[in-house]
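Chemist: Got a structure here, written out as structure tokens. Questions coming.
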Amino acid sequence: MTASPRTVNVGGQHPYTITIGPGLLNDGAALAAQVRGRHVLLVSDSIVAPRYAAAVRESLHAARPDLRIGTYVLPAGEQSKTLANFGAAIDALATLGATRDACIFALGGGVVGDLAGFAAACWMRGVDCVQLPTTLLSMVDSSVGGKTAVDIPQGKNLVGAFHPPRAVFADTDTLRTLPPRELRAGLAEVIKYGAIRDAAFFDWLTAQRQALLAGEPAALAEAIARSCEHKAEIVERDPLERGERALLNLGHTFGHAIETEQGYGGTGNDNLNHGEAVAVGLVLAARLSADLGIASAQDTNRIAALLQAFELPTEIPPGLAPQQLLARMRLDKKNLAGRLRLVLWRGVGHAEVVPDVDEARVLAVLSG
Ligand code: NAD
Ligand code: GLY
């Protein structure tokens, strides 16, 4: 028996629906219903496109034979989330002759979603973008909320725009081909929601560890839906991160610094992907909170233990200089007036933004 899709609605000024379930990439009627004009650009990467792009094209064509569908495929990996590839996506839109009613379909993980979303935000000052996330991480986080961006050598996601998607279709069948390491990376962002605002979800994740690591569809669908509900609730109240949305960045200032220092994935053995860097960042944020006296060391141990149970890293990889990491953290988008502004916590389920954090305390944590 095939599970029926679940939906999460994101309200606010630009409402849309997140649909979660198996077989969604084959639902041509639902996908085509999002296209207002005649032009579609399918953006994907070199690992995802060979597996799933034909299905999307065929579904769309079957439902709307009049559509002109172009394709832009970038090399897989974080190192592709560049201004140069953003420019190539824009070139593809121009070649297609895409008009203002065009629709970009972002088929892939967060790298594809962020870059395609940014191209959609910029082409003719904004066209529709439908997110078709294929990693757990993109299903629970990056496809929702309209943050779009590319990386530059100086820092992650420093060039981008807020541009909410027109719709999100998370086809859970695609998770069957996701490498286990990428599944675990997505689980780091799932754990983040429990850490920020839902202690009961944190406990549920502890109990569901085996099922989630084994990729059991029912457990994954539940984790995705609950994560999306959390994200929807926050982004509909604060779409432009003027306030509480910053909480979604627990662990990210540390994580982004690690990713930037390592050259965005690169080829080194110790190089972390985004979810892994966030896992380390969650522990560092917990440690700093304990050092500042706003949380207990016991809570640091709880999150470190849960992340380790999900086979995620919890320590800064060797070879990264604390001073260099701190320098990267100074370019974080949350900082104000040249002062570090970090998301920390009071314990499991209670994150908060702490302005004006003393750099010496951060350096001490980075130095272990
Ligand atoms: P990713 O897009 O690099 O995907 C990870 C790897 O999995 C890639 O090699 C990809 O080709 C492969 N892959 C994707 N789907 C697959 C599938 N179904 N089967 C087999 N292989 C598959 O990385 P990610 O973890 O999805 O996303 C990380 C990015 O998301 C980072 O750039 C991060 O900054 C961004 N992000 C953005 C937001 C946001 O709000 N916009 C939130 C969180 C993360
Ligand atoms: N991933 C953090 C946010 O969307 O705000």
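Read-outs throughout are calculated quantities, based only on the coordinates presented, and are distinct from any laboratory measurement. A quick note: this is a predicted structure, and the numbers were derived from the prediction, not measured. Cβ sites come from the backbone with ideal geometry, for glycine too, and all protein chains shown count toward neighbours.
Chemist: Each residue of segment 126-142 in order: what ³J(HN,Hα) in whole Hz does its phi give by Karplus 6.51 cos²θ - 1.76 cosθ + 1.60, θ = phi - 60°, with x for Gly and Pro?
Modeler: In residue order, the calculated couplings are x, 10, 5, 9, 9, 8, 10, x, 10, 10, 4, 4, 6, 5, 8, 9, 5 Hz.
Chemist: Right, something else. For segment 23-70, would you read off the P(r) tail past 14 Å as a percentage of all alpha carbon pairs?
Modeler: For segment 23-70, the share of Cα pairs beyond 14 Å comes to 45 percent.
Chemist: Rounded if a/c is under 1.5, else prolate if a/b beats b/c, else oblate: with a ≥ b ≥ c from the C-alpha gyration tensor eigenvalues square-rooted, which is segment 271-368?
Modeler: Note, shape of segment 271-368 comes out oblate.
Chemist: Each residue of segment 306-315 in order: what ³J(HN,Hα) in whole Hz does its phi give by Karplus 6.51 cos²θ - 1.76 cosθ + 1.60, θ = phi - 60°, with x for Gly and Pro?
Modeler: 5, 5, 5, 4, 8, 6, 9, x, 10, 10
Chemist: If you restrict to DSSP beta bridges whose two residues both lie in the chain, what percentage is antiparallel, to the nearest 5?
Modeler: 40 percent
Chemist: For segment 182-198, take each phi angle, set θ = phi - 60°, evaluate the Karplus expression 6.51 cos²θ - 1.76 cosθ + 1.60, and give the result in whole Hz per residue in order, putting x for glycine and proline.
Modeler: These are the phi-based 3J(HN,Hα) values: 6, 4, 5, 4, x, 5, 4, 6, 5, 4, 3, 4, x, 5, 6, 8, 8 Hz.
Chemist: Roughly how tilted is helix 48-63, in degrees to the nearest 10 and between 0 and 90, from the longest Cα axis of the chain?
Modeler: 40 degrees
Chemist: Can you tell me how segment 1-136 classifies by the Cα gyration tensor, rounded, prolate or oblate, using a/c under 1.5 as the rounded cut?
Modeler: Rounded, because the longest to shortest axis ratio a/c is under 1.5.
Chemist: So what are the radius of gyration and Dmax for the Cα set of the chain, in Å?
Modeler: 19.7, 62
Chemist: Further, regarding this structure: Rounded to the nearest 0.05, what FRET efficiency do residue 353 and residue 3 give with R0 = 51 Å and r taken as the Cβ-Cβ distance? Could you check?
Modeler: Working from the Cβ atoms, E equals 0.85.
Chemist: Report the gain in length on full extension from residue 14 to residue 237: 0.36 nm times residue separation, minus Cα-Cα distance, nm rounded to one decimal.
Modeler: 79.1 nm
Chemist: Taking square-rooted eigenvalues a ≥ b ≥ c of the alpha carbon gyration tensor, is segment 142-273 rounded, prolate or oblate, where a/c under 1.5 means rounded and, failing that, a/b exceeding b/c means prolate?
Modeler: Oblate is the answer for segment 142-273, as a/c is 1.5 or above yet b/c matches or exceeds a/b.
Chemist: About its Cα centre, what dipole magnitude does the chain give when the only charges are +1 on Lys and Arg Cβ and -1 on Asp and Glu Cβ, stated in debye to the nearest 20?
Modeler: With only Lys, Arg, Asp and Glu charged at Cβ, the dipole is about 620 debye.
Chemist: May I pose another question? Given the Cα-Cα distance of residue 51 and residue 216 and 0.36 nm per residue of separation, how much length would full extension add, in nm?
Modeler: Contour length minus the Cα-Cα distance gives 57.3 nm.
Chemist: Next question, about the same structure. Amide H of residue 16 versus every other amide H placed in the peptide plane: which residues, excluding those fewer than 5 positions away on the same chain, fall under 5 Å?
Modeler: 10
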